[in-house]
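Novice: Before I ask anything, let me first share the structure, which is written out below as structure tokens.
The values are calculated or read from the model by the stated rules, or taken from the named source; none is laboratory data. Bear in mind that the values here come from a model prediction, so they are computed numbers and not experimental data. Note: ideal-geometry Cβ built from the backbone for every residue, glycine included; neighbour counts use all protein chains shown. We work out accessible area using only protein heavy atoms, side chains counted, and drop any ligands, DNA or RNA first. Shrake-Rupley method; radii C 1.70, N 1.55, O 1.52, S 1.80 Å.
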Amino acid sequence: MIHSLFIINNSGDIFMEKHYKSVIHRNICDYFFEALGKCTKPEDIPTVISTPHHKLIVIYRKKLFFLSVVVNEVPPLFVIEILHRAVDIFEDYFNECTESSLKENYVVVYELLDEMLDNGFPLATESNILKELIKPPNLFRKVANMVTGDSNLSSTLPTVQLSNIPWRRQGIKYTNNEAYFDCIEEIDAIIDKNGSTIMCEIQGYIDCCVKLSGMPDLTLCFTNPRLLDDVSFHPCVRFKRWESEKILSFVPPDGNFRLISYHIESLNSVSIPIYVKHHIQFKEGSNGRFEVTFGLRPGLGKTVENVQLNAEMPKCVLNMSLTPTHGRYTFDAVKKTLIWEIGRIDPSKIPSIRGNITVSNGSPLPESNPPLHLNFQINQLAISGIKFGRLDVYGEKYKPFKGVKYLTRAGKIQLIKLFRMHVWLRNEPLNSCAINYPISHHINANTLRKTVNYAKNKGALGYPKIEYSIWRYIACNKISIPEHLAWMYFESFYSMSNYGNQRSIEFDIENNKCKNKEEQEKIKDSKRVDLYQFILHLYIQQFYTIDLKSSIMSREEWPVNRNDGNDRKKSKGTDELNFINFVTKNFDEIISLFSFDKTINQNDIVSEEIQQALNFILEGSVDNYQTILPFSQLLKQSSVQSKMNDGKMYVKNLVIFLKNFIEMNPFGLNSCLRNGKRITATYLGGSMDPKKYGKVITNINSAPKNDFIVFVSQVLKQTLIENSQTFRNCGLYIDKCLSSNIYILQSLRSCAIKKCKKSLIFIGPTQRTVTVDNCNDCTIVCICRRIIIRNCSMCNFYLLTPTSPILLTGCDNIKFAPYNSTYSGVEEDALMAGISDMINLWDKPIVVTQNQSLIGLHWSLMNPSDFQVINVPIETDIKQHSSSNELINKANEVFGILPIEYERELTERYQILELNLDLIQTADLNQEQKMMLQRFIETSFKESLQISGEQKQLDHLATITNCLNPQGQ
């Protein structure tokens, strides 16, 4: 166990040493002094220091170092606990543990160390036992010992030495029986410059002063014991009863002792009672700025006392000229320390201090702001919310006096300007590029690695950018993928690669002009994309093929494939956390995709090309999201380079860096739902309360301009119409809407529609992908680059899309029809989205399924007789049209070119309406016949509205009109 013990002061003097076995020379402490010289503060000394033949275990308390020397293997925590126990006993004996108090009681200290440890092993560490063996020193005993020549050692063994309750002796008697409990909690926290809590923990303990006669048995109950999870107990506590009943049952030691210590981390339910906002700025050649403002959290109800702020300023600071509104401050120009003593905070007055910092000329400015340390104290408050219930005494007949005191004080609270590195997965690869379907089992890491090598061998046609002709040959002849799926994967990546909206339109038009398949193939073959990023695009498709749980449980080298593509519960299409796990778990394999060998050495250097490829899925920030950097640029930042071993991008360094700093996308859907702002819809009407239903949440104020999200949810029996700039170029999510009508009249970046029923959803031109998942009995009207449909039934799709709709598994009774509407500004929005009204492949869906016999069974083209033109509410003003014919023309306007059969159907309806109007106008009807005709038309119209369900939408629009014109104007 412990071979020797050295006690060292702050000056490095060894003023006391104790050897339990052979004597070890003081030179062993040179290793300690060498480690101490590398530390900026004494508290930073390593707890365990290795030497060639020994281990040094150190603690720092009361400005003293207690250094134990161990020779054999021993649990370090055991030795650390013995050292802390020794310091506690010194404090109990001498009321303090300082260099002077130990020197004044040399003899008692050595006696205590002899009794506590026998040959280096713990023997008697209870204060009660030691006080019977060695009497605590006092003035009378010192004088008596000098006269009589006696010592503090007792001539008899303690009565409790062999007892099963060694912490309490027999025959204790008190005139007044008292039991006092102090619940003390210390807050450890990190606070950023805006006053937000980054990390918060509570270290708590219950100190007791029990002076009870006899052998009492106590039970202590708490009103909320579930708060106490990570707890350490005094040996007197019966642990089994605490485990089963959460009640502290114990026979207490006599006098002062610590009953329990507890630790509460990740404290989300309780905020720090004080908020602090600070701003520190250093300027070369001129005065810097220092500002700190304090405040109390609302609803605290307690007085905050002994508030003090300490700051260790950098060496370049010569002086500080500050003006405090409360208290006083001192600045030590030699030690560079600032102390601001505030005292008690008045809730009606906010303390602040501000002023100038004088910086020396020519000296380098600090790279970061100095940390600020906060101290305070709050009486009669336990910040965790722990409360004592009752204390019962058994085994004795008296009723003791009981007292409880709560105290909250600052532990280690630092105020910093946090510059933490952040890395996250981009939204678009998963939302716009992933097909959300298990990719062919032929596409795996091995085949993708061979694809890279084959493309490189083809020279400029395959590397650094690969032509579609090369990919088509590999897909069809090497990997056995059908040609239409090969083009689907290639085109989905090509459309996302930021080639420009006009360029996309030109390609669509050029492809549409082809007279035969050979000409189309020639145009497709000329298209090129980045090889490495395209390989990553194919690799992440496996996200829907992998069962991470089964892989972990079976410890397989590569996760197994799912057999059932219809398994909805296991779909991870929107599970961002699982996507993070997928990337981090397989990051080694992702790097290996670009190597010739399937094995990759952890000491290999990641090339610049691979770093550039990783930009496709990763991005990050080093300045709290102020600047968003591609992953390759992030790795070049000095703060990131310092985290790498030797500053080189080894594979092992990159893997560790990613696992340490990757997080949920701060601009993703989960973050938007958690931190986004709820906004009021432009037009929202219906029978439900708009404050509870029809939620619209966005992160437009915090997210980058090209990466913000709008989330529309729980539109229930309502009509929502949006044409505000808030929606322009957003990533739109529509979720869980029922029996509603939703019109989004803006150009979008992408759109996901999920879990909607019996609803009409109209969205503006979408630059990338529209995903429709788990919808039933819905009508979807959209202009988009690509649409993916999954797990939908009884849905009608009115589409304008230059690519074939993708129909995945789980779909039934799907009908496709050409786009059937228009609105003001749709031409500009379509141009912005890169979609031409000349090309529409709505009637050529691609069915992706493992069962080829199902192709064509679950979808159909809408019969022209069922085709309806949808008019956007509030877009048509009846007063602007002087005749019925003009109104009919307006109602039948459609953006884009309709197929002949649908155009013919609308023309026939239009002609029938015109004939009926002419017939009514030329008929010579009397007044009674006109009234009968009007009633017949109104009745028939109302019946048709009820049958079609349009009556509900009219009722919703009526509520919108009433809101816009409350006085009926």
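Novice: Share of segment 695-770's accessible area from carbon and sulfur, percent, 1.4 Å?
Specialist: Whole-percent figure for carbon plus sulfur exposure: 47.
Novice: Under a 5 Å amide H to amide H cut-off, with H placed in plane at 1.01 Å, what residues pair with SER747 once short-range neighbours are removed?
Specialist: Result for SER747 returns ASN729.
Novice: Sticking with this one: Are any of the pairs LYS18/LYS62; LYS103/LYS405; LYS659/LYS754; LYS41/LYS349 more than 27 Å apart by Cα-Cα distance, and if so, which?
Specialist: Listed pairs above 27 Å: LYS103/LYS405; LYS659/LYS754; LYS41/LYS349.
Novice: If you don't mind, another one. Please compute the contact order of segment 778-836 in relative form: average sequence separation of alpha-carbon pairs under 8 Å and at least six residues apart, divided by the residue count, as a percent.
Specialist: 36 percent
Novice: Counting only protein heavy atoms and using a 1.4 Å probe, what share of the accessible area of segment 274-376 belongs to carbon plus sulfur, as a whole percent?
Specialist: 46 percent
Novice: Once you charge only the Cβ atoms, +1 for Lys and Arg and -1 for Asp and Glu, what is the size of the charge dipole of segment 669-866 about its Cα centre, to the nearest 20 debye?
Specialist: About 800 debye.
Novice: Could you list, in their original order, any pairs among LYS193/LYS335; LYS412/LYS585; LYS677/LYS755; LYS692/LYS757; LYS38/LYS335 whose Cα atoms are separated by more than 29 Å?
Specialist: LYS412/LYS585
Novice: A further question on this structure: Once you have the Cα-Cα distance between GLU518 and ASN446, take 0.36 nm times their residue separation minus that, and quote the gain in nm to one decimal.
Specialist: Length gained, GLU518 through ASN446: 22.7 nm.
Novice: Near the amide H of LEU381, under 5 Å away, which other amide H atoms are found, from residues 5 or more places off or on another chain, if H is placed in the peptide plane?
Specialist: Close amide H contacts, sequence-distant or interchain: TYR406, LEU407, THR408.
Novice: So if R0 is 41 Å, what FRET efficiency would ILE350 and PHE388 give, r being the distance between their Cβ atoms, rounded to the nearest 0.05?
Specialist: For ILE350 and PHE388, the calculated efficiency is 0.75.
Novice: Then there's this: Once phi is turned into θ = phi - 60°, what whole-Hz ³J(HN,Hα) does the Karplus curve with 6.51, -1.76 and 1.60 give for every residue of segment 628-642, x standing for Gly and Pro?
Specialist: 9, 10, x, 4, 5, 6, 4, 5, 8, 5, 4, 5, 7, 4, 5
Novice: Under a Cβ-Cβ cut-off of 9 Å, what is the net charge of the residues other than THR766 that fall near it, where Lys and Arg count +1 and Asp and Glu count -1?
Specialist: Local charge sum for THR766: +4.
Novice: Order the following by accessible area, largest value first: THR323, THR809, THR358. Probe radius 1.4 Å; ligands, DNA and RNA are ignored.
Specialist: THR323, THR358, THR809
Novice: Amide H of ASN741 versus every other amide H placed in the peptide plane: which residues, excluding those fewer than 5 positions away on the same chain, fall under 5 Å?
Specialist: Residues meeting the criterion, in which the H sits 1.01 Å from N, are GLN718, THR719, LEU720, LEU760.
Novice: Quick one: net charge of LEU259's neighbours, Cβ under 11 Å, K/R +1, D/E -1?
Specialist: Computed value for this residue: -1.
Novice: Residue by residue, what Karplus-based ³J(HN,Hα) values in Hz, rounded to whole numbers, does segment 326-336 have, using 6.51, -1.76 and 1.60 with θ = phi - 60° and x for Gly and Pro?
Specialist: So the J values, rounded to whole Hz, are 9, x, 9, 10, 9, 10, 8, 5, 7, 7, 6.
Novice: Probe 1.4 Å, all protein chains in place: accessible area of GLU893 in Å², nearest 10?
Specialist: 90 Å²
Novice: Under a 1.4 Å probe, what is the accessible area of segment 695-834 per residue, stated in Å²?
Specialist: Solvent-accessible surface per residue comes out at 26 Å².
Novice: Out of all DSSP beta bridges with both ends in segment 669-866, state the antiparallel percent to the nearest 5.
Specialist: Approximately 15 percent, going by the DSSP bridge assignments.
Novice: Using a probe radius of 1.4 Å on heavy atoms only, what accessible surface per residue do you get for segment 4-148? Whole Å² is fine.
Specialist: Solvent-accessible surface per residue comes out at 52 Å².
Novice: How much solvent-accessible surface does THR801 expose, in Å² to the nearest 10, with a 1.4 Å probe and all protein chains in place?
Specialist: For THR801, the solvent-accessible surface is approximately 0 Å².
Novice: Express the accessible area of segment 249-382 per residue in Å², computed with a 1.4 Å probe while the remaining protein chains stay in the model.
Specialist: For segment 249-382, the solvent-accessible area averages 50 Å² per residue.
Novice: Taking the mean number of other Cβ atoms within 10 Å as a proxy for protection, how do you rank 245-255, 780-790, 228-238 from highest to lowest?
Specialist: Going from most to least packed, we get 780-790, 245-255, 228-238.
Novice: Here is a follow-up. Starting with the highest mean, order 80-87, 9-16 by the number of other Cβ atoms within 10 Å, averaged over the residues of each peptide.
Specialist: Result, highest mean Cβ count within 10 Å first: 80-87, 9-16.
Novice: Once label points are set 7 Å from the Cα along Cα→Cβ at both MET838 and TYR110, what is their separation, rounded to one decimal in nm?
Specialist: The modelled label-to-label distance comes out at 10.4 nm.
Novice: Now a separate question. Give me a comma-separated list of calculated 3J(HN,Hα) values for segment 95-104, in order, Karplus coefficients 6.51, -1.76, 1.60 applied at θ = phi - 60°, integers in Hz, x for any Gly or Pro.
Specialist: After applying 6.51 cos²θ - 1.76 cosθ + 1.60, I find 6, 7, 10, 10, 4, 5, 5, 5, 5, 5 Hz.
Novice: Here is a follow-up. Tally Lys/Arg at +1 and Asp/Glu at -1 over every other residue whose Cβ is under 15 Å from the Cβ of LYS335; what's the total?
Specialist: My count for the surroundings of LYS335 gives +1.
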